[in-house]
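The values are calculated or read from the model by the stated rules, or taken from the named source; none is laboratory data. For clarity, every value in this text was computed on a predicted model and none was experimentally measured. Positions of Cβ are backbone-derived with ideal geometry, glycine not excepted, and every protein chain shown enters the neighbour counts.
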Amino acid sequence: MPASWWWRKKVHSAFIGTELAAGLQAMAGGGGKPRLVICGVLLANSVEATVRVAANLGFEVRLPADACWSCDKRDLTGRLWPAEEVHQLTLALLDGEYAEVTTVDAVLRG
């Protein structure tokens, strides 16, 4: 893989301040936008930001729920939300509007 296909992100979304979108377009040969599979560590942080920007840029995004991680989060009232609830709510907020929430097995099956 050419070094030009690697980008170091500096903010939450992998698309901001990088040439990722242009690189993906080039990989697609200029014939539309490739379908993306996005996964990562903090679903309610960098993964969510990247998914939202990708969708806003016109990419079709698949988000495997079992290839992302979430952690407990305290809200502004002081309530501590367990990681699994944070995970499921974030997936629900993204599904349909910004991404197709799926599984790793479904992605691998095509």
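Overview of values
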{"quantity": "Residues of the range 87-102 that turn out to be hydrophobic (A, V, I, L, M, F, W, C) and crowded, with 18+ Cβ neighbours inside 10 Å, as a count", "calculated": "4"}
{"quantity": "Top-ranked residue of the range 37-81 - restricted to ones that are in a strand (DSSP E or B) and at pLDDT below 95, ranked as surrounded by the fewest Cβ atoms within 10 Å (Cβ to Cβ)", "calculated": "Val41"}
{"quantity": "Filter result (at pLDDT 85 or above, part of a loop (DSSP other than H, G, I, E, B) and surrounded by 13 or more Cβ atoms within 10 Å (Cβ to Cβ)) within the range 12-34", "calculated": "His12, Ser13, Ala14, Phe15, Ile16, Thr18, Glu19"}
